[in-house]
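We did not get these values from a lab; they are worked out from the coordinates using the rules stated. Please read these numbers as outputs of a predicted model, since none were measured by experiment. FYI the Cβ positions are ideal-geometry reconstructions off the backbone, even for glycines, and counts take in every protein chain you see.
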Amino acid sequence: MNDIEVRAAAPTEVDVVVIGAGQAGLAAAYHLRRRGFEPERDFVVLDHAPRPGGAWQFRWPSLTYGKVHGMHALPGMELTGADPERPSSEVVGEYFDAYEQRFDLRVRRPVDVHRVVEGEGGRLLVETDAGTWSTRALINATGTWDRPFWPRYPGQETFRGRQLHTAVYPGPEAFRGQRVIVVGGGASGTQHLMEIAPYAAETWWVTRRPPVFAEGPFDEDRGRAAVAMVEERVRQGLPPLSVVSVTGLPLNDAVRRARADGVLDRLPMFDRITPDGVTWADGRHVEADVILWATGFRAAVEHLAPLRLREPGGGIRMDGTRAAADPRVHLVGYGPSASTVGANRAGRAAVRDIVRLLDGVPAGV
Ligand SMILES: Cc1cc2nc3c(=O)[nH]c(=O)nc-3n(C[C@H](O)[C@H](O)[C@H](O)COP(=O)(O)OP(=O)(O)OC[C@H]3O[C@@H](n4cnc5c(N)ncnc54)[C@H](O)[C@@H]3O)c2cc1C
């Protein structure tokens, strides 16, 4: 190897690497900036998606901005005057783009992080398809969108119809005239059903547990209680639960109407998938053209596997936003901070903690 090759292979040294430029990663980058960290010199933000917008850029076109409720703005810049009829993918994509420019965050994309391993001198090595970064601290903000969860059921591979996951939901018109089974008791499942029902020949809703509809407004107290519940789980090293599993499904007018129309009549989970549909152990059978798996997502953290952060319970034990097993590693947008408001707070908390870890002064200063 000659000198040039050696230099090309040497990792780039920074104080902090942020992986992911969704709500959580951008909030963290904003707070790094405020604390005097310079992009490219002291920190870098890496994202493997093609455009600004985090996971929002991939959400289905019928998820208009008006249908998104409770989306918090990023710190330091409001999202104002957005047309509620436009797809949220466009609105949020443009907003994130403007945000990155306004605060000069210099997100590097597309850069895919393959793995994070122990480096020398207490540093971590972040290995990517665009080179390696050596860092003193890591803010992991990789969300869940990249890891759709598909449960497995006997006979699944024999189904002759179409199976797809929420992650690639194309909008309701693609289901015109079809018989559609929607699996999953979360907000995505109910939204898909309400959209698809007017187009489909027939729909069925199948969930593992009976859905719980939450009466009354989703106020701050309820939000806090939900977050506390997920927080307790990750403190114990258990995998985080989805928000709906702790809050229940919001009961708004559209949901009330859908329930009255029978669109949200729920069946228990089937036992087997057959070439033409699904069956239950009691002999019941439903013929269908499509199975739509609205079965959620898992934290996209496989690239952290070499750090051995996982507990026997399957989750990463957390102390606030910090991985309990490694004070250099923060997870934001994970578990209790997996919402737009939670991601904002987590970004700030992680940076506060990292500043303390790095002795309050970025090494480059
Ligand atoms: C359909 C849907 C609707 C929602 N609606 C709301 C709502 O109304 N209000 C609300 O508060 N929350 C909502 N949420 C939750 C909300 O989207 C998230 O909590 C928040 O936006 C996630 O932000 P994030 O930064 O954690 O993740 P993401 O937005 O997923 O960003 C993660 C980023 O990491 C990148 N990445 C992942 N892995 C790698 C890797 N290995 N290398 C490089 N880059 C990587 C991805 O490209 C992505 O850009 C919704 C979620 C879904 C699925």
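Distance between the pseudo-spin-label points of His114 and Arg356 (7 Å out from Cα toward the beta carbon): 3.6 nm.
Over all pairs of different C-alpha atoms in the range 218-365, the reciprocal of the mean inverse distance, the Kirkwood hydrodynamic radius, equals 18.7 Å. Bridges between two residues of the range 89-204, per DSSP, are antiparallel at a rate of about 70%. Cut-off 10 angstrom, C-alpha nodes, Gaussian network model of the chain. Which of Asp265, Asp104, Asp282 fluctuates the most? Looking only at Asp265, Asp104, Asp282, the biggest GNM fluctuation is shown by Asp282. On C-alpha positions alone, give me the angle between the axis of helix 88-102 and the longest principal axis of the chain, in degrees, nearest 10. It is inclined by approximately 10 degrees.
Ordering Thr80, Thr64 by the number of other Cβ atoms within 10 Å of each residue's own Cβ, fewest first, gives Thr80, Thr64.
Figure legend: label point modelled 7 angstrom from the Cα of Leu164 along Cα→Cβ; residues of the range 275-293 with amide N under 19 Å from it are 277, 288-293. Working note: 222 nm ellipticity from helices only, DSSP H runs with n ≥ 4, each -39,500 (n - 2.57), summed and divided by the residues of the chain, gives -7500 deg cm²/dmol to the nearest 500. Beta bridges per DSSP, both residues in the range 206-365: antiparallel share near 75 percent. How big is the gap, in Å, between the Cα center of the range 13-64 and the Cα center of the range 71-149? If you average the Cα positions of each part, the centres end up 2 Å apart. The calculated P(r) of the chain, using every Cα pair and 20 Å bins from 0, goes 27, 54, 18, 1 in percent. Charging the Cβ of each Asp and Glu at -1 and of each Lys and Arg at +1, and nothing else, the dipole of the chain about its Cα centre rounds to 620 debye. Looking at the chain as a GNM with Cα springs under 10 Å, which of Thr321, Thr203, Thr158 has the largest mean-square fluctuation? Among Thr321, Thr203, Thr158, the largest mean-square fluctuation in the Gaussian network model of the chain belongs to Thr158.
A viscosity of 0.890 mPa s and a temperature of 25 °C, combined with the Kirkwood radius over C-alpha pairs in the Stokes-Einstein formula, give the range 301-356 a diffusion coefficient of 212 µm²/s. If you bin all the Cα-Cα distances of the range 125-175 at 10 Å, starting from zero, the percentages per bin are 16, 29, 24, 20, 11, 0. With both bridge residues required to lie in the chain, what share of the DSSP beta bridges run antiparallel, to the nearest 5%? Taking every DSSP beta bridge with both residues in the chain, the antiparallel ones total about 40 percent.
With each label modelled as a point 7 angstrom along the Cα→C-beta vector, the Glu38-Glu287 pair spans 7.0 nm. Placing R0 at 41 angstrom, the Cβ-Cβ distance between Asp129 and Arg222 gives a FRET efficiency of 0.45 after rounding to 0.05.
When peptides 16-28, 111-123, 294-306 are ranked by their average number of other Cβ atoms within 10 Å per residue, the highest-first order is 16-28, 294-306, 111-123. Summed over all non-identical Cα pairs, the Kirkwood treatment of the range 98-224 gives a radius of 19.4 Å. For a quick check, take a GNM of the chain with Cα springs below 10 Å and name the residue from Leu32, Leu251, Leu264 with the largest mean-square fluctuation. Of Leu32, Leu251, Leu264, the Gaussian network model singles out Leu251 as fluctuating most. Size of the range 191-282: Rg and Dmax of its alpha carbons, in Å, are 16.5, 47. Toward the positive end of the charge dipole of the range 262-348, about the Cα centre and with charges on Cβ (Lys, Arg +1; Asp, Glu -1), which of Ala281, Leu292, Gly313 goes farthest? Checked the options; the winner is Gly313.
Taking the longest Cα principal axis of the chain as reference, the axis of helix 340-357 is set at about 20 degrees.
I'd like the orientation of helix 23-34 relative to the chain: the angle between its Cα long axis and the longest Cα principal axis, in ° from 0 to 90, rounded to 10. Result, in degrees: 20.
Placing unit charges on the Cβ atoms of the charged side chains and taking the dipole of the range 13-80 about its Cα centre, the candidate lying farthest along the positive direction among Ser62, Gln23, Val45 is Ser62.
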